[in-house]
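Here's the structure we're looking at; comments come further down.
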Amino acid sequence: MDARKIKVENISQVEDIPFLPIEFFKTHDVVCGNVPPQAIFRSSGTTGMIRSRHLVSDLGVYRQSFIRGFDDFMVTLQMFSSWRSLQRPNRLPIHRLSI
C-alpha cells in the first residue's frame, strides 16, 4: 500500500483494497507484512521482457485457494456438460462414426 500511497488504517472492507496493475508485479514486490516468502512464482514473460513476480508467504493458503478455484470450475463444467447432454440426447459422440 506504500507505493500506492494508501493508508492501511483507512481500509475497512475488502472492496477498499485497490486493484494492482500487472506491471506493478514487475516493478514492486507485493507482500503483506514482513513475512519472508515460502515461494516465488514468475511469469513466463516474453523475449526481452521483465518477468513479473508473485511472492507467496504461505503455500498452504495458496494451495487451498487453487483447490477451491479448481473445484468451483469443475462443478460449473460438470453442470454445463450435463445440460449439453440433455440438449442433444440423440447425437453420437464426436469420436464415433455413423454410416
* Asked: What does segment 1-57 give for Rg and for Dmax, in Å, if only its C-alpha atoms count?
  -> 13.2, 41
* **Student exercise, segment 1-57 dipole from Lys, Arg, Asp, Glu Cβ charges, in Debye to nearest 20** => 280 debye
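The numbers here are math on the coordinates, done by the rules we state, and not lab data. Bear in mind the structure is a predicted one, so any value in this text is a computation, not a measurement. Cβ: placed from backbone, ideal geometry, glycine included. Neighbour counts: every protein chain shown.
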